[in-house]
1. How about the range 67-103: which of its residues are among the β-branched types (Val, Ile, Thr) and within 30 Å of residue 114 (Cβ to Cβ)?
2. With the condition kept exactly as written, say whether any residue in the range 109-128 is modelled with pLDDT of 90 or more, touching an Asp or Glu at 6+ places or on another chain (Cβ under 8 Å) and surrounded by 10 or more Cβ atoms within 10 Å (Cβ to Cβ).
3. Going residue by residue through the range 82-95, is there one that turns out to be at pLDDT 80 or above and of a type in the set (Val, Ile, Thr)?
4. Quick check on residue 38: is it of a type outside the set (Asp, Glu) and surrounded by 10 or more Cβ atoms within 10 Å (Cβ to Cβ)?
Amino acid sequence: MSKDTENGAVPRPGYETRDVNARAIYAFGITLALVLVATILVTRGMFGYFSKTQPLGPPTTPFYTGRVLPPEPRLQPEPKLDLHTMLDEQQKLLNSYGWSDQATGKVRIPIDRAMELVLQRGLPVRPQTRTNALENATQPAVGASGQPSATKRRRE
(Lines give C-alpha, C1' and ligand atoms only; values in the text may rest on other atoms or scores of the structure.)
Protein backbone atom coordinates (compact mmCIF):
# COMPACT_ATOMS: atom_id res chain seq x y z
CA MET A 1 0.00 0.00 0.00
CA SER A 2 1.01 3.51 -0.57
CA LYS A 3 1.69 6.06 2.07
CA ASP A 4 -1.43 8.11 1.18
CA THR A 5 -3.86 5.35 2.09
CA GLU A 6 -2.02 4.52 5.25
CA ASN A 7 -2.18 8.11 6.50
CA GLY A 8 -5.90 8.36 5.77
CA ALA A 9 -5.57 10.75 2.81
CA VAL A 10 -8.21 10.73 0.10
CA PRO A 11 -7.00 9.02 -3.06
CA ARG A 12 -6.76 11.30 -6.11
CA PRO A 13 -8.57 10.64 -9.37
CA GLY A 14 -6.68 8.80 -12.11
CA TYR A 15 -6.28 11.84 -14.40
CA GLU A 16 -4.72 15.30 -14.37
CA THR A 17 -7.25 17.63 -12.77
CA ARG A 18 -5.23 20.82 -13.17
CA ASP A 19 -4.96 20.63 -17.03
CA VAL A 20 -8.65 20.24 -17.88
CA ASN A 21 -11.44 22.36 -16.47
CA ALA A 22 -14.46 20.10 -16.93
CA ARG A 23 -16.91 22.77 -15.74
CA ALA A 24 -15.70 25.21 -18.47
CA ILE A 25 -16.04 22.52 -21.15
CA TYR A 26 -19.61 21.71 -20.06
CA ALA A 27 -20.49 25.43 -19.97
CA PHE A 28 -19.08 25.91 -23.49
CA GLY A 29 -21.02 22.92 -24.82
CA ILE A 30 -24.30 24.11 -23.30
CA THR A 31 -23.71 27.68 -24.58
CA LEU A 32 -22.92 26.36 -28.06
CA ALA A 33 -26.12 24.27 -28.09
CA LEU A 34 -28.20 27.28 -26.99
CA VAL A 35 -26.67 29.48 -29.69
CA LEU A 36 -27.39 26.83 -32.34
CA VAL A 37 -31.01 26.49 -31.22
CA ALA A 38 -31.44 30.27 -31.20
CA THR A 39 -29.92 30.52 -34.70
CA ILE A 40 -32.26 27.83 -36.04
CA LEU A 41 -35.30 29.55 -34.52
CA VAL A 42 -34.32 32.99 -35.88
CA THR A 43 -33.64 31.56 -39.34
CA ARG A 44 -36.97 29.72 -39.36
CA GLY A 45 -38.75 32.92 -38.37
CA MET A 46 -37.01 34.90 -41.14
CA PHE A 47 -37.96 32.32 -43.77
CA GLY A 48 -41.55 32.41 -42.54
CA TYR A 49 -41.60 36.21 -42.72
CA PHE A 50 -40.11 36.29 -46.22
CA SER A 51 -42.48 33.62 -47.53
CA LYS A 52 -45.43 35.77 -46.38
CA THR A 53 -44.13 39.15 -47.58
CA GLN A 54 -42.46 38.05 -50.84
CA PRO A 55 -44.43 35.21 -52.39
CA LEU A 56 -42.94 33.45 -55.38
CA GLY A 57 -46.25 33.21 -57.20
CA PRO A 58 -47.98 30.15 -58.56
CA PRO A 59 -45.77 27.24 -59.52
CA THR A 60 -45.24 26.76 -63.24
CA THR A 61 -46.63 23.72 -64.94
CA PRO A 62 -44.24 21.20 -66.46
CA PHE A 63 -45.85 21.89 -69.85
CA TYR A 64 -44.94 25.59 -69.85
CA THR A 65 -42.04 26.15 -72.26
CA GLY A 66 -41.84 29.96 -72.21
CA ARG A 67 -38.93 31.58 -70.43
CA VAL A 68 -39.78 34.09 -67.74
CA LEU A 69 -37.09 36.75 -67.56
CA PRO A 70 -35.93 37.94 -64.14
CA PRO A 71 -36.39 41.58 -63.20
CA GLU A 72 -33.82 44.20 -64.23
CA PRO A 73 -30.83 44.39 -64.02
CA ARG A 74 -30.06 41.14 -65.80
CA LEU A 75 -26.64 39.54 -65.92
CA GLN A 76 -24.98 38.76 -69.21
CA PRO A 77 -25.08 35.03 -69.96
CA GLU A 78 -22.03 35.25 -72.27
CA PRO A 79 -20.03 38.41 -71.51
CA LYS A 80 -17.04 37.45 -73.69
CA LEU A 81 -19.25 36.99 -76.74
CA ASP A 82 -20.99 40.30 -76.02
CA LEU A 83 -17.63 42.07 -75.77
CA HIS A 84 -16.40 40.60 -79.06
CA THR A 85 -19.66 41.58 -80.77
CA MET A 86 -19.39 45.15 -79.46
CA LEU A 87 -15.73 45.44 -80.52
CA ASP A 88 -16.56 44.12 -84.01
CA GLU A 89 -19.33 46.71 -84.38
CA GLN A 90 -16.95 49.49 -83.30
CA GLN A 91 -14.28 48.32 -85.76
CA LYS A 92 -16.86 48.35 -88.56
CA LEU A 93 -17.76 51.95 -87.67
CA LEU A 94 -14.08 53.00 -87.55
CA ASN A 95 -13.22 51.38 -90.88
CA SER A 96 -16.23 52.23 -93.05
CA TYR A 97 -17.85 55.15 -94.83
CA GLY A 98 -21.30 56.28 -93.78
CA TRP A 99 -23.50 59.10 -92.59
CA SER A 100 -22.79 60.45 -89.14
CA ASP A 101 -25.66 62.94 -89.36
CA GLN A 102 -27.38 63.05 -92.72
CA ALA A 103 -29.50 66.09 -91.84
CA THR A 104 -26.40 68.28 -91.33
CA GLY A 105 -24.31 66.56 -94.01
CA LYS A 106 -21.71 65.06 -91.65
CA VAL A 107 -20.13 61.86 -92.88
CA ARG A 108 -17.95 59.18 -91.33
CA ILE A 109 -14.74 58.06 -93.06
CA PRO A 110 -12.30 55.28 -92.14
CA ILE A 111 -9.80 56.31 -89.51
CA ASP A 112 -6.78 55.50 -91.69
CA ARG A 113 -8.08 57.77 -94.43
CA ALA A 114 -8.79 60.51 -91.90
CA MET A 115 -5.20 60.35 -90.64
CA GLU A 116 -3.89 60.61 -94.23
CA LEU A 117 -6.06 63.69 -94.83
CA VAL A 118 -4.81 65.33 -91.64
CA LEU A 119 -1.21 64.73 -92.74
CA GLN A 120 -1.90 66.20 -96.19
CA ARG A 121 -3.98 69.21 -95.14
CA GLY A 122 -2.70 69.82 -91.62
CA LEU A 123 -4.73 70.69 -88.58
CA PRO A 124 -6.90 73.81 -88.56
CA VAL A 125 -5.21 76.86 -87.08
CA ARG A 126 -7.02 79.54 -85.14
CA PRO A 127 -6.90 82.90 -86.93
CA GLN A 128 -4.58 85.26 -85.13
CA THR A 129 -5.61 88.66 -83.92
CA ARG A 130 -3.41 91.68 -84.51
CA THR A 131 -1.92 91.56 -80.97
CA ASN A 132 -1.05 87.84 -81.30
CA ALA A 133 0.62 88.48 -84.65
CA LEU A 134 2.77 91.23 -83.11
CA GLU A 135 3.77 89.01 -80.20
CA ASN A 136 4.72 86.15 -82.52
CA ALA A 137 6.76 88.52 -84.68
CA THR A 138 8.82 89.70 -81.71
CA GLN A 139 9.23 86.24 -80.13
CA PRO A 140 10.51 83.44 -82.38
CA ALA A 141 8.53 80.23 -82.03
CA VAL A 142 10.99 77.55 -80.95
CA GLY A 143 10.06 73.89 -80.44
CA ALA A 144 11.55 71.43 -77.96
CA SER A 145 14.43 70.61 -80.32
CA GLY A 146 15.53 74.25 -80.58
CA GLN A 147 14.26 74.49 -84.18
CA PRO A 148 11.47 76.86 -85.21
CA SER A 149 8.07 75.27 -84.69
CA ALA A 150 5.99 73.86 -87.58
CA THR A 151 3.56 76.79 -87.57
CA LYS A 152 6.42 79.31 -87.77
CA ARG A 153 8.11 77.36 -90.60
CA ARG A 154 4.80 77.11 -92.50
CA ARG A 155 4.37 80.90 -92.44
CA GLU A 156 7.94 81.57 -93.67
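The values are calculated or read from the model by the stated rules, or taken from the named source; none is laboratory data. Please read all numbers here as calculations on a predicted model, not as lab measurements. All Cβ positions, glycine included, derive from the backbone under ideal geometry; neighbour counts span all protein chains shown.
1. 85
2. no
3. Within the range 82-95 (the criterion being at pLDDT 80 or above and of a type in the set (Val, Ile, Thr)), the answer is yes, since at least one residue qualifies.
4. yes
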